[in-house]
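Quick notes on the structure that follows.
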C-alpha cells in the first residue's frame, strides 16, 4: 500500500510539472526525481522505470497527433460507435455514399488522409452523423431521409468532411487524452502490483476510449465549430458544382421533421434554424437548386428502401 501511495504521489508530481512547466522539461525533472527516489529507498528501480515510461507518455499527450495516429484513433472510435449504431448492409446505398464522399473529399482542403476516407450508413432512424478522426464518416438512415436530392446528400457529406478537414474530432479527443496518459501511468505502475490491482487498472484503461466517444456523442461540437464546418461545406459544394443552397434546404427539412427532444442530433448540434442564419450571408449569390435529371435518378435508385 505504501508503494502504491508513493507511485501515485510521484504521478501527481509529474502531472503538476507538465501543467506548469511544460513537456520540454518533463523528462529531465522526472528522471531526476526518480533517481532521488531510488537513492533514498522511497521507490524501487523497477518502479522508477515505470514512472519514467509514464512521463514519456504524458509528454506525448502534448504532441501533435500524426496522420497515422489519427487513423487508428478513428478506427477505434468508429468501432465503439458501431456497438450502438449498427451498420446498414445495403450495398447500393453504401456504395453510393462512398463514391459521392470520396469525390467530394477531393474538393476539400484535406483531400487525403492516412487511411483514406470511408463512408458508412448507420442502420438507425435517429437523425445523426459522426466524423471520426482520419476520415471515417458515419451517416444514419434517419439523416439521409432528411435529404430530398443528391445535392442535399452532398451537403451532408461536405459538412462531415469539413469536420475532418478542420480536425474537430481530434480537438474533442485531445481534451480526454489526459485520461489516457494517467491510465498509462497507472498501467505501468500496475506491473508492480498484484492481479487484483492490475485488473482494476486494465478496466480503467478500457474505459478510456468510451470516455472519448461519449465526448463526441453526448457533448457535440461548439456552435463555432459547427458554423466553421457549414461554411467550409458551402465552399466545397461550390467548388464541386453543387448548389450550396442545398445545405440550407436540408437544414430546413431537418428542422421540420427532427424531434425536439434533446436527443441524438438535436442534443449535439445547434438548432438548424440557427445554422441557417449563420450561413445565409454566403448563399445570397446562389439561386434555387435545380438538380440535373441524372442526379435525381442516381439518388432514387441508390437510396431506395432507406
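Kindly provide the set of residues from the stretch 68-80 that are surrounded by 20 or more Cβ atoms within 10 Å (Cβ to Cβ) and either touching a helix residue (DSSP H, G or I) at 6+ places or on another chain (Cβ under 8 Å) or not in a helix (DSSP H, G or I) (or both), ordered by number.
70, 73, 74, 77, listed by residue number.
Any chance you could count how many residues in the stretch 268-287 are touching a helix residue (DSSP H, G or I) at 6+ places or on another chain (Cβ under 7 Å), at pLDDT 90 or above and part of a loop (DSSP other than H, G, I, E, B)?
Residues meeting the conditions: 2.
All but one of (1) modelled with pLDDT under 90; (2) in a helix (DSSP H, G or I) hold for residue 260; which doesn't?
(2)
The values are calculated or read from the model by the stated rules, or taken from the named source; none is laboratory data. Please read these numbers as outputs of a predicted model, since none were measured by experiment. Neighbour counts run over all protein chains shown; Cβ positions are idealised from the backbone, glycine included.
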